[in-house]
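Asker: Provided herewith is a single structure, encoded as structure tokens, for subsequent inquiry.
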Amino acid sequence: MFESLSDRLSGILDKLTRRGALTEQDVSEAMREVRRALLEADVALDVVKDFVERVKEKAVGQEVVKSVAPGQMVIKIVHDELVETLGREPEPIDLAAAVPVVMMLVGLQGSGKTTTTAKIARRLQTRDKQKVLMASLDTRRPAAQEQLKILGEQTDVATLPIVEGEDPVTITKRAMDAARRGGYDVLMLDTAGRTHIDEELMAETAAIEKASTPHETLLVADALTGQDAVNLAQNFDECVKLTGIVLTRIDGDGRGGAALSMRAVTGKPIKLLGTGEKIDALEDFHPDRIANRILGMGDVVSLVEKAIENVEVEKAEAAAKKMRKGTFDLDDLSDQLEQMKKLGGMGGVLSMLPGIGKIKKQIDAANLDDSVLNRQQAIISSMTKKERKNPKVLNASRKKRVAAGSGTSVQEINKLVKMHRQMADMMKKVGKRGGLGGLFGGGG
Ligand code: GDP
């Protein structure tokens, strides 16, 4: 699926790595080519624009890591932004609800709904030890219910007995009843599709949703239809509450645009990929693995990751030394906040130090997400050099000035100063007891 995009991108980025220093213009030029490659892969225009913007911003402001070439750093940035665009973390099927958990699959005819129903059911049953019942609500297409029944027999998954002449909502109710009585963990509803979206289909799908209140409502969409798959998701989401997407025919030679745009345009996670006609051709969707597949430069990415890790370790060691000596000032704290942001929460020096449990708890409780960290950094950067070196000089009027300058409150400044003091005190104590000895070579 991603081959041609992958070829294009690696070609463009390869050129960058062969240079030593990079100018802003080099990066801009490469990004113009990346933009073109993404558009040709049928990625939505807004997604492309946003992506390129983010990469440029980061590439220009990037920290220099001695052991990697600037071009390699750009590859890592492109990789990370691809992961971000694809949804960052995998979002697996969620079964955390009262049994029987109802999962509804919706989509157009021929998208692979029935096949996917059986694929998921089999996997839930064999891998996750769930007892699964499948029911086809497709009363339109002749033999649709029969098709699911045959798949059930092949995969050893139970299907709801077929009763001729029932409408979809009646079947739904019967299926719910059967699932409850039969002690099933999961009930999978395979809904009818159409060749295109129409009001009747939407009304029917909404009625089934109402009758079954599914915990997961997955749209099955054909990845080969590219941008149409994304529009389809938007349309369906207006009618039922989609919880995720399954992209099928990833094994085909589509251009990859659907996978790349889906999350950003619809806000819905891709949960699974259909990778073939066989019943086990189903994969979890891992944004980082897909990003690697698209870039085809996994080794460069891990090389840069290692180098960055080393820099973080060096910085953390330096900060720990300062803490020990009691010279850990607000500039150092600001560095630490930056690292926490990069590491997505607690990290950097704190996680490397023993005896830190109490502070860690406080910091966790303070819920240090990016917005909090950004505010704290804003506070620190609104201080004078003297105040940063020695926060004790911060009297009421100085605090007021800093609050005004950083768009925060005196209360927030007090909190930050207190946190810094506690960290520094604790460090000094731990240092005196020699608690850091093992980590940073004795002394203290
Ligand atoms: P439905 O009408 O949405 O229920 O679609 P079906 O489940 O009947 O699938 C239509 C066709 O697509 C069948 O021939 C399936 O074998 C095929 N199919 C489904 N998923 C995939 C996939 O991930 N890759 C490929 N290559 N074929 C698939």
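Every number in this text was worked out from the coordinates using simple rules, so none of it is lab data. None of the values given here were measured: they were computed from a predicted structure. For neighbour counting, all protein chains shown are included, and Cβ atoms are generated from backbone atoms with ideal geometry for every residue, glycine included.
Asker: How about segment 5-105: which GluC sites (Glu not before Pro) there are in a DSSP loop, with at most 11 other Cβ atoms within 10 Å of their Cβ? Before the final figure, lay out each step's value.
Answerer: Numbers: sites: GLU24, GLU29, GLU33, GLU40, GLU53, GLU57, GLU63, GLU81, GLU84; in loops: GLU63.
Those that pass, being in a loop and sparsely packed, are GLU63.
Asker: Could you order peptides 264-271, 43-50, 275-282, 185-192 by the average number of other Cβ atoms within 10 Å of their residues, highest first? It would help to have the intermediate numbers written out before the result.
Answerer: On the way: 264-271: 20.4, 43-50: 17.6, 275-282: 14.9, 185-192: 25.4.
Taking the mean over residues of other Cβ atoms within 10 Å, the ranking is 185-192, 264-271, 43-50, 275-282.
Asker: Summing -39500 (n - 2.57) over the DSSP H runs of n ≥ 4 in the chain and dividing by its residue number, what mean residue ellipticity at 222 nm do you reach, to the nearest 500 deg cm²/dmol?
Answerer: Working: 20 runs with 261 residues, N = 444.
Computed mean residue ellipticity for the chain: -18500 deg cm²/dmol.
Asker: Determine the sum of side-chain charges near LEU95: Lys and Arg each +1, Asp and Glu each -1, restricted to other residues whose C-beta is under 10 angstrom from that of LEU95.
Answerer: -4
Asker: Please list the equivalent ellipsoid semi-axes of the chain, computed as the square roots of five times the alpha-carbon gyration tensor eigenvalues, in descending order and whole angstrom. Don't skip to the answer; put the middle values down first.
Answerer: Details: eigenvalues 512, 152, 82 Å².
Taking √(5λ) for each Cα gyration eigenvalue gives 51, 28, 20 Å.
Asker: Let me ask something else about it. For a quick size check, give me the Cα extents of segment 101-285 along its three principal axes, largest first, whole Å.
Answerer: Between the extreme Cα coordinates on each principal axis of segment 101-285 lie 44, 36, 28 Å.
Asker: Greater than 28 Å separation of Cα atoms is the criterion. Which listed pairs, LYS389/LYS415; LYS131/LYS173; LYS149/LYS271; LYS56/LYS415; LYS76/LYS429, meet it? Can you show the working numbers first?
Answerer: Numbers: LYS389/LYS415 17 Å; LYS131/LYS173 19 Å; LYS149/LYS271 25 Å; LYS56/LYS415 35 Å; LYS76/LYS429 39 Å.
In this structure, LYS56/LYS415; LYS76/LYS429 exceed 28 Å between Cα atoms.
Asker: Once you list every other residue whose beta carbon is under 12 Å from the beta carbon of ARG36, what net charge do they have if Lys and Arg are +1 and Asp and Glu are -1?
Answerer: Working: positive: ARG8, ARG32, ARG35; negative: GLU29, GLU33, GLU40.
That works out to 0.
Asker: Taking the DSSP beta bridges in the chain as the whole, what percent of them are antiparallel, to the nearest 5? Please list the in-between numbers first.
Answerer: Numbers: 3 of 27 bridges.
Close to 10 percent.
Asker: Name the helices (complete DSSP H segments) of the chain with a Cα length along the long axis of 30 Å or more and a Kyte-Doolittle mean of at least -1.0, or state none. The partial results should precede the final answer.
Answerer: Values: long enough: 298-325 (41 Å, -0.34); 410-432 (33 Å, -0.64).
In the chain, the long hydrophobic H runs are 298-325, 410-432.
Asker: GNM on the chain, C-alpha springs below 10 Å: top fluctuator among VAL74, VAL393, VAL313?
Answerer: VAL393
Asker: What are the aspartates and glutamates whose alpha-carbon lies under 15 Å from the alpha-carbon of LYS400, with same-chain residues fewer than 8 places away excluded?
Answerer: GLU387, GLU412
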